[in-house]
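*Asks:* So that we are looking at the same thing, I have put the structure below in structure tokens.
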Amino acid sequence: MTLQQLRFLAAVFESDFNITAAAAKLNATQPAVSRQIQLLEQELGFTLFSRNGSSLSRVTPAGARVIEHARRVLRETQNISNVGVELNDPARGALRLAATHSEARYLLPSITGAFRARFPKVQFSLHEGALDEIAEMARAERVDLVVASGSHGGFDKFVQLPVRRLEPRLVVPRTHTLASISQPTLAQIAAFPVAAHVLTQTDETYLREVFSRAGAEVHLALQSRDADLVKTYVRHGLAVGLIADLALEPARDEDLVFIDVAALFGAQTIWAGIAKDGPLRAPVYEFIGLLAPFLTRERIDGTRT
């Protein structure tokens, strides 16, 4: 059994059993990948994949167990390599970041720019996705750092470090009836269709409950993770908007009025997520330090003990 065989095995699994795609990912030939999988099966004494002719159709139960261990071995092998890289040059290495849409769109560009300027040798990658998707990546250990808001049970193996508050803002055109009211009520807001900037799947339910408790019936004309889309609907007079303060862009939004409604809807928290166990590499500490300077290395390490 060799590391190469384990790499081939993991690549075939991650390529949905497509040997050609796995071979391309590994810069290998299809016959070489097939041969190494067969040799590994011969050594183990059982099949790892079910076959439909010459194609692989699914992983066998025994194969699933082997793949789980193989991927763990490959991750630890990479961790060993990373230790060597960072000891020789702490400004090198890799950082795999995953973030939900609003954080990736509004918060991270400036942070990422500063990070890359300070650490140009670090291989940086960002995956933007929904919280469910990012949670799956975290479970598979395919991400080093998560920046998100909202809650999800899939991050049980991650420490969630609060980074900043997210407060809601009511957004209306400057000529709108509500523009001159500094503290509008839920009933006044509900008198108009509402376009809501939802960060998680539970936000819509929460918003309806808030209005319902106040005896107001709200018409949610739009629910979107894209705050720019909410602003577009507001500008066209189709709805009043509810967005997170993170999405405020004064230079671009001079035609809009933003009213603090945190007292009505409460606030959320943007958090940075890191694995509870295993080594934490230098680029992760550095990025968190730029994201939230109060989160020093000592504080971060203190949350993982």
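The values are calculated or read from the model by the stated rules, or taken from the named source; none is laboratory data. Just so you know, these numbers come straight off a predicted model, no measurement behind them. No Cβ is skipped: glycine too gets one built from the backbone with ideal geometry, and neighbour counts run over all protein chains shown.
*Asks:* Condition (residue is exposed (fewer than 14 other Cβ atoms within 10 Å of the Cβ), over 30 Å from Asp301 (Cα atoms) and hydroxyl-bearing (Ser, Thr, Tyr)) applied to segment 183-196: is it met by at least one residue? Talk me through it step by step, then tell me what you get.
*Replies:* Restricting attention to segment 183-196, the residues satisfying the condition of being exposed (fewer than 14 other Cβ atoms within 10 Å of the Cβ) are 183, 185, 187.
Filter again for over 30 Å from Asp301 (Cα atoms), leaving 183, 185, 187.
Then keep just the ones that are hydroxyl-bearing (Ser, Thr, Tyr); that gives 185.
Within segment 183-196 (the criterion being exposed (fewer than 14 other Cβ atoms within 10 Å of the Cβ), over 30 Å from Asp301 (Cα atoms) and hydroxyl-bearing (Ser, Thr, Tyr)), the answer is yes, since at least one residue qualifies.
*Asks:* Right, here's the next one. Is there a residue in segment 253-260 that is over 19 Å from Leu131 (Cα atoms), assigned to a loop (DSSP other than H, G, I, E, B) and free of Cβ contacts under 8 Å to residues at least 12 places away in the same chain? Let's see the steps before the verdict.
*Replies:* Narrowing segment 253-260 to residues over 19 Å from Leu131 (Cα atoms): 253-260.
Checking which are assigned to a loop (DSSP other than H, G, I, E, B) leaves us with 253-255.
Subset that is free of Cβ contacts under 8 Å to residues at least 12 places away in the same chain: 254.
Within segment 253-260, one or more residues are over 19 Å from Leu131 (Cα atoms), assigned to a loop (DSSP other than H, G, I, E, B) and free of Cβ contacts under 8 Å to residues at least 12 places away in the same chain.
*Asks:* Tell me which residues, restricted to segment 36-59, are surrounded by 14 or more Cβ atoms within 10 Å (Cβ to Cβ) and either of a type outside the set (A, V, I, L, M) or assigned to a helix (DSSP H, G or I) (or both). Write out each step before concluding.
*Replies:* First, the residues of segment 36-59 that are surrounded by 14 or more Cβ atoms within 10 Å (Cβ to Cβ): 36-37, 39-41, 47-49, 56, 59.
Gln36, Ile37, Leu39, Leu40, Glu41, Thr47, Phe49 - these are the residues of segment 36-59 that are surrounded by 14 or more Cβ atoms within 10 Å (Cβ to Cβ) and either of a type outside the set (A, V, I, L, M) or assigned to a helix (DSSP H, G or I) (or both).
*Asks:* So if I check each of Gly289, Gly302, Gly278, which one is out of contact with any strand residue (DSSP E or B) (no Cβ under 9 Å at 6 or more places or on another chain), surrounded by fewer than 19 Cβ atoms within 10 Å (Cβ to Cβ), farther than 21 Å from Arg164 by Cβ and small (Gly, Ala, Ser)? It would help to see each step written out before you state the result.
*Replies:* Working: Gly289 fails: farther than 21 Å from Arg164 by Cβ; Gly302 fails: farther than 21 Å from Arg164 by Cβ.
Answer to the selection: Gly278.
*Asks:* Restricting attention to segment 260-278, report how many residues are among the hydrophobic types (A, V, I, L, M, F, W, C) and in contact with a helix residue (DSSP H, G or I) (Cβ under 7 Å, 6 or more places away or on another chain). Steps first, answer last, please.
*Replies:* Going residue by residue through segment 260-278, those that are among the hydrophobic types (A, V, I, L, M, F, W, C) are 261-265, 267, 270-272, 274-275.
Narrowing further to those that are in contact with a helix residue (DSSP H, G or I) (Cβ under 7 Å, 6 or more places away or on another chain): 264-265, 270, 272, 274.
Within segment 260-278, residues that are among the hydrophobic types (A, V, I, L, M, F, W, C) and in contact with a helix residue (DSSP H, G or I) (Cβ under 7 Å, 6 or more places away or on another chain) number 5.
*Asks:* Does Leu95 qualify as being at pLDDT 95 or above and touching a strand residue (DSSP E or B) at 6+ places or on another chain (Cβ under 7 Å)?
*Replies:* Details: at pLDDT 95 or above: no; touching a strand residue (DSSP E or B) at 6+ places or on another chain (Cβ under 7 Å): yes.
When the stated conditions are applied, Leu95 does not pass them.
*Asks:* Also: Kindly indicate the residue of segment 147-156 that is at pLDDT 85 or above and more than 10 Å from Ala135 (Cα to Cα) and also surrounded by the most Cβ atoms within 10 Å (Cβ to Cβ) among those meeting that condition.
*Replies:* Only one residue tops the list, namely Ala148.
*Asks:* With the requirement that a residue be assigned to a helix (DSSP H, G or I) and surrounded by fewer than 17 Cβ atoms within 10 Å (Cβ to Cβ), what does segment 26-35 give you? If you could, list the steps in order and put the result at the bottom.
*Replies:* The first filter runs over segment 26-35 and keeps only residues assigned to a helix (DSSP H, G or I), leaving 26, 30-35.
Once the filter is applied, which keeps residues that are assigned to a helix (DSSP H, G or I) and surrounded by fewer than 17 Cβ atoms within 10 Å (Cβ to Cβ), segment 26-35 yields Gln30, Pro31, Ala32, Arg35.
*Asks:* Residues in segment 219-237 that are over 17 Å from Ala104 (Cβ atoms) and outside any helix (DSSP H, G or I): how many? Reasoning before the result, please.
*Replies:* Just the residues of segment 219-237 that are over 17 Å from Ala104 (Cβ atoms), to begin with: 219-223, 231-237.
Okay, now just the ones that are also outside any helix (DSSP H, G or I), so 219-223, 236-237.
Qualifying residue count for the region: 7.
*Asks:* Working carefully through the options Leu291, Leu222, Leu295, find the one that is over 30 Å from Thr77 (Cα atoms) and touching a residue at least 12 places away in the same chain (Cβ under 8 Å).
*Replies:* Numbers: Leu291 fails: over 30 Å from Thr77 (Cα atoms); Leu295 fails: over 30 Å from Thr77 (Cα atoms).
Testing whether each residue is over 30 Å from Thr77 (Cα atoms) and touching a residue at least 12 places away in the same chain (Cβ under 8 Å) leaves just Leu222.
*Asks:* Here is a further query. Exactly one condition in (1) over 30 Å from Gly154 (Cβ atoms); (2) in contact with an Asp or Glu (Cβ under 8 Å, 6 or more places away or on another chain); (3) aliphatic (A, V, I, L, M) is false for Ala267; which is it?
*Replies:* It fails just one condition, (1).
*Asks:* Please tell me if Val257 is touching a Leu at 6+ places or on another chain (Cβ under 7 Å) and modelled with pLDDT of 95 or more.
*Replies:* Answer is no for this residue.
*Asks:* Another question, if that's okay. So how many residues does segment 2-21 have that are assigned to a loop (DSSP other than H, G, I, E, B) and either of a type in the set (Ser, Thr, Tyr) or modelled with pLDDT of 85 or more (or both)? Full working, then the answer.
*Replies:* The first filter runs over segment 2-21 and keeps only residues assigned to a loop (DSSP other than H, G, I, E, B), leaving 2, 15-18.
This time we only want the ones that are either of a type in the set (Ser, Thr, Tyr) or modelled with pLDDT of 85 or more (or both), so: 2, 15, 18.
The qualifying residues number 3.
*Asks:* How about segment 166-182: which of its residues are surrounded by 20 or more Cβ atoms within 10 Å (Cβ to Cβ) and not charged (D, E, K, R)? Working first, answer last.
*Replies:* Of all residues in segment 166-182, those surrounded by 20 or more Cβ atoms within 10 Å (Cβ to Cβ) come to 166, 168-172.
Answer for segment 166-182, where residues must be surrounded by 20 or more Cβ atoms within 10 Å (Cβ to Cβ) and not charged (D, E, K, R): Leu166, Pro168, Leu170, Val171, Val172.
*Asks:* If you take the residues in segment 3-32 that are of a type in the set (Val, Ile, Thr) and touching a residue at least 12 places away in the same chain (Cβ under 8 Å), which one is nearest to Glu43 (Cα to Cα)? Outline the logic, then answer.
*Replies:* In the first step, residues of segment 3-32 are kept if they are of a type in the set (Val, Ile, Thr); the result is 12, 19-20, 29.
Filter again for touching a residue at least 12 places away in the same chain (Cβ under 8 Å), leaving 12, 19.
On the way: Val12: 18, Ile19: 20 Å.
Within segment 3-32, the match that is nearest to Glu43 (Cα to Cα) is Val12.
*Asks:* Can you name the residue in segment 176-205 that is assigned to a helix (DSSP H, G or I) and in contact (Cβ under 8 Å) with a residue 40 or more places away in the chain and, of all such residues, is nearest to the chain's Cα centre (by Cα)? Even if it seems obvious, please write down each step before you answer.
*Replies:* Filtering segment 176-205 down to residues assigned to a helix (DSSP H, G or I) leaves 177-180, 186-190, 203-205.
Filter again for in contact (Cβ under 8 Å) with a residue 40 or more places away in the chain, leaving 178-179, 186, 189, 203.
Working: Leu178: 35, Ala179: 34, Leu186: 32, Ile189: 32, Asp203: 17 Å.
By that ranking, first place goes to Asp203.
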